[in-house]
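Single-structure report; data block below.
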Amino acid sequence: MPSAVTREKAAVRAAVDRAAEELIGLSAALHARPETAWEEHYAAATVPRLLDRRGFTVTAAYLGLETAFLARYGSGPLRIALCAEYDALPGLGHACGHNLIAASSVGAALGLAQVADDLGLTVEVYGTPAEEGGGGKIEMLDRGAFRDVDLAMMVHPAPVDVAEARPFAVSHSRISYSGRSAHAAAYPEDGVNAADAFTVAQVAIGLLRQQLPPSARVHGIVTSAGSAPNAIPETASGRWYVRAETLAELAEIEPKVLRCFEAGALATGATLQIQPESKPYAEFRTDERALAAYRANALRLGREFAPDGLAGRMNRASTDMGNVSQVVPAIHPYIGIGSLPATNHQREFAAHCVGAQAERALLDGAVALAWTGVDRAHGAGPA
């Protein structure tokens, strides 16, 4: 006779299978209409709609954040949270596959709802905006989200399956220089070149790298730097990221990088302004028991975990889910969509985030997460 866990997992999978067409449709709809950080109005309205139809109580504009939501089912003492990301990358659309993240989390929630009463669960889906640089989950944490959650989960698309998230801590900054315009040929000495300030800063950062630990990453873009070649640029702006192994290491490294931007201002006479885009993203603290359950459940579904290497390095990408993991038990596995040679944040990867292999990853991810919730409810490893 099948065990209770076996019966519950069968019920979960059946529920995901019944919703498969709608979940795939949800993913495709998000993919076709990408929205960037804090602008996810279509997604924030569309993603919870399926949950609302299945009996979840939905709170829109959750905690005063216009493109966040909370959907809840059940009233048991064990709270399982699924995080639904849905923001896209500027200019690249869903090249990180957040359309699949949202649909997988919804699917996992629908699966767990089938057994919520039996297992004493409260199933919660958090619609989390602005992961791509805006720190949406950090803002939600600061406003009281995730409080007393027993396990928070999501699954992220990647070229291949990798179980454990090991993201860098990261800070995101907007850098602006203000100078003075002048005719570049007739009166160049009257100008203060804001674009040159960025050049000095980037050279300084390049030289600084020799003194940074191997775990550090410093990268960014100049988003504007003048409008006419015969006019000294009076303004220049950009976005810069500093990554490190931990928040503690980041606190040591970031001031050195910021001094490079100060050097640009000092050398040119431009005025510097540095504006954080969000609080820093933290490193990830994995709940090992839940991760072991997820790994076994994914293997049971026929998934194969890749060895570390080029294709498997997506687990080093920074995420504001790291901040959630510092507060409540959490996992953030990566699920492969068969995209190689395309990898995350490439247009080619975005193209792979719809289609047969992406759909299989979506449904496998939903079932594996939900099965992991069942395992946690039983207080033991996978069945």
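Within the accessible area of the chain, what % is carbon and sulfur when the probe is 1.4 Å and the other protein chains stay in place?
On the way: 8070 of 15770 Å².
After summing per-atom areas, the C and S share lands at 51 percent.
Rounded, prolate or oblate: which one fits the stretch 255-376, using the alpha carbon gyration tensor with axes a ≥ b ≥ c (rounded when a/c is under 1.5, else prolate when a/b beats b/c, else oblate)?
prolate
Straight-line reach from Lys279: which lysines fall under 28 Å, measuring Cα to Cα and dropping same-chain residues less than 8 apart?
Candidates past the 8-residue exclusion: Lys137, Lys256.
Check each of the GluC sites (Glu not before Pro) in the stretch 276-316 and keep only those in coil by DSSP with at most 13 other C-beta atoms within 10 angstrom; list them in order.
Glu304
What helices does the chain hold that run 15 Å or longer along their axis, going by alpha-carbon atoms, with a Kyte-Doolittle average of 0.0 or more, using DSSP H for the helix calls?
Those that clear 15 Å and a mean of 0.0 are 20-32, 98-113, 194-208, 247-268, 356-377.
5 Å is the cut-off here: which amide hydrogens, built 1.01 Å from N in the peptide plane, fall below it relative to Gly76, excluding neighbours closer than 5 in sequence?
Under 5 Å from the amide H of Gly76: Leu121, Thr122.
Please list, ordered by chain and number, the residues whose modelled amide H lies under 5 Å from the amide H of His156; skip anything fewer than 5 residues away on the same chain.
The list, which skips near neighbours in sequence, is Tyr334, Ile335.
Checking the a/c ratio against 1.5 first, then a/b against b/c, what shape does the Cα gyration tensor give for the stretch 110-181?
Verdict is prolate for the stretch 110-181.
Pull out a ≥ b ≥ c, the square roots of the eigenvalues of the alpha-carbon gyration tensor of the stretch 153-196, then state rounded if a/c is under 1.5, prolate if not and a/b is larger than b/c, and oblate in the remaining case.
Prolate is the answer for the stretch 153-196, as a/c is 1.5 or above and a/b outweighs b/c.
Highest mean first, how do 3-9, 165-171, 313-319 rank when packing is the count of other Cβ atoms within 10 Å averaged over residues? It would help to have the intermediate numbers written out before the result.
Working: 3-9: 16.3, 165-171: 23.0, 313-319: 20.1.
Sorting 3-9, 165-171, 313-319 by mean packing, highest first, produces 165-171, 313-319, 3-9.
For the stretch 153-159, just list the computed ³J(HN,Hα) in residue order, Karplus coefficients 6.51, -1.76 and 1.60, θ = phi - 60°, integers in Hz, with x standing in for Gly and Pro.
9, 7, 10, 10, x, 7, x
Which three lengths, in whole Å and largest first, does the chain cover when its Cα atoms are put on their principal axes?
Reported extents, whole Å, longest axis first: 89, 40, 39.
Percent of Cα-Cα pairs per 5 Å bin, from 0 to the last occupied bin, for the stretch 187-319, please list those.
Histogramming the stretch 187-319 at 5 Å steps yields 2, 8, 14, 16, 14, 11, 9, 8, 6, 4, 3, 2, 1, 0, 0 percent.
In nanometres, what is the gap between the two model label sites at His41 and Val58, each 7 Å from Cα along Cα-to-Cβ?
1.7 nm
Got a sec to turn the phi values of the stretch 314-328 into Karplus ³J(HN,Hα) couplings, 6.51 cos²θ - 1.76 cosθ + 1.60 with θ = phi - 60°, whole Hz, x for Gly and Pro?
My calculation for the stretch 314-328 gives 4, 5, 8, 5, 6, 8, 6, 5, x, 5, 4, 5, 6, 10, 9 Hz in order.
With just the Cα atoms defining each centre, how far is the stretch 1-67 from the stretch 334-383? Give it in Å.
Result: 15 Å between the Cα centres.
Output wanted: per-residue J couplings in Hz (rounded whole) for the stretch 124-138, from phi through Karplus 6.51 cos²θ - 1.76 cosθ + 1.60, θ = phi - 60°, x for Gly and Pro.
Each residue of the stretch 124-138 in turn: 10, 10, 9, x, 10, x, 6, 6, 7, x, x, x, x, 5, 5 Hz.
The values are calculated or read from the model by the stated rules, or taken from the named source; none is laboratory data. This is a predicted model, so every value here is computed, not measured. Every residue, glycine as well, gets a Cβ built from its backbone with ideal geometry; the counts of neighbours run over all protein chains shown. Surface accessibility is based on the protein's heavy atoms, side chains included, excluding ligands, DNA and RNA. Shrake-Rupley method; radii C 1.70, N 1.55, O 1.52, S 1.80 Å.
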